[in-house]
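The values are calculated or read from the model by the stated rules, or taken from the named source; none is laboratory data. Note that the structure is a prediction, hence the values are computed from the model and not measured. Methodologically, a virtual Cβ is constructed for each residue, glycine included, from the backbone with ideal geometry; neighbour enumeration extends over all protein chains shown.
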C-alpha cells in the first residue's frame, strides 16, 4: 500500500544461502527453481493487492542482512519480518533485523508476524538530529493515517526531559498544526522500556538510526534493546536518505 501511495516500485528479494562446496549442482539448481517459483507466486499475490505498483523480483545468495543492506543504497525503505526465533533473548532472536538496521543505508521497517489492532504512531526522541528526522517521519505517518502522534522521551532528570519533549512538540506543531499530539516523559525507565510501554496499543513505532553518543555508523546494540523488548508493533528505524523504490525481503 505504501509503495502504491508514494508511486515507487517494489523489489521482492529472495535470499538463498550459499550452496557450499559439499552440495551438488543438481540440488542447488532445484533449490533455486523452487525459490523462483515461490517468489513469482508472491509477486502475483502482491500484484492483486497493489495493482498500480510495479513489482520486480530478484534472487540473491548470501546472508539476508548483508544482501538487503547492499540493495539499500538505491532504496527508500527496506521491509523485513521480525525473525523472533529461539528463547526470546540473545542469539537467534531478531538478529537479522538488527544487523540489517545497522548496515542499511536507508530506513528499515521491521514487521512482526501478527499485525497489531491498535492505532497511533509512537516516536522516541532524545534531542539529536537523528531523532528529529525520526520525529518528522513519524509525524508524516500519523498525518497520512489520520491518527495521533505520541512523542516519548526517557530522562533521568525531569527538567531536562521536559525541554526535549517541548522542542519536539513545537517542531511538529509548526508543520502539522491540526495533528493530535500526545507526550510521554518517562523518568522511571530507560528508552527501550519507555517505548515498549508507550507503543503497546499503537500501530507503529518510529526510532532514529542513532541515539546520543553513538558512533557515526549505528551499532546493532543501539536498537537491540528496543527490538528485544518484544515490542509487538511494526517498527521503522529511520535514516535520512531518499530513494526510488521499496525493497522487501522475502526470506529464504
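Observations on the structure shown:
- Those residues of segment 105-115 which are out of contact with any helix residue (DSSP H, G or I) (no Cβ under 9 Å at 6 or more places or on another chain) and either crowded, with 23+ Cβ neighbours inside 10 Å or farther than 18 Å from residue 6 by Cβ (or both), in sequence order: 112, 113, 114, 115
- Residue in segment 129-144 that is loosely packed, with under 15 Cβ neighbours inside 10 Å and in the same structural domain as residue 6 (by TED's automatic domain parsing) present: no
- Residues that are within 19 Å of residue 155 (Cβ to Cβ) and either in contact with a helix residue (DSSP H, G or I) (Cβ under 7 Å, 6 or more places away or on another chain) or surrounded by 13 or more Cβ atoms within 10 Å (Cβ to Cβ) (or both) within segment 172-188 comprise 172, 181, 182, 183, 184, 185, 186, 187, listed in sequence order.
- Scope segment 47-71; condition at pLDDT below 90, crowded, with 17+ Cβ neighbours inside 10 Å and part of a helix (DSSP H, G or I); matching residues: 64, 65
- Of all residues in segment 196-214 being at pLDDT 90 or above and in contact with a helix residue (DSSP H, G or I) (Cβ under 8 Å, 6 or more places away or on another chain), the one that is farthest from residue 141 (Cα to Cα): 207
- Boolean, residue 152 is touching a strand residue (DSSP E or B) at 6+ places or on another chain (Cβ under 7 Å), surrounded by 19 or more Cβ atoms within 10 Å (Cβ to Cβ), modelled with pLDDT of 95 or more and not in a helix (DSSP H, G or I): yes
- Positions within segment 72-82 being farther than 14 Å from residue 110 by Cβ and not in a helix (DSSP H, G or I), in sequence order: 75, 76
- The set of residues from segment 4-34 being closer than 27 Å to residue 77 by Cα, surrounded by 11 or more Cβ atoms within 10 Å (Cβ to Cβ) and modelled with pLDDT under 85 comprises 4, 5, 6, 8, 16, 17, 32.
- Failed item in (1) in contact with a helix residue (DSSP H, G or I) (Cβ under 9 Å, 6 or more places away or on another chain); (2) assigned to a loop (DSSP other than H, G, I, E, B), with residue 118 passing the rest: (1)
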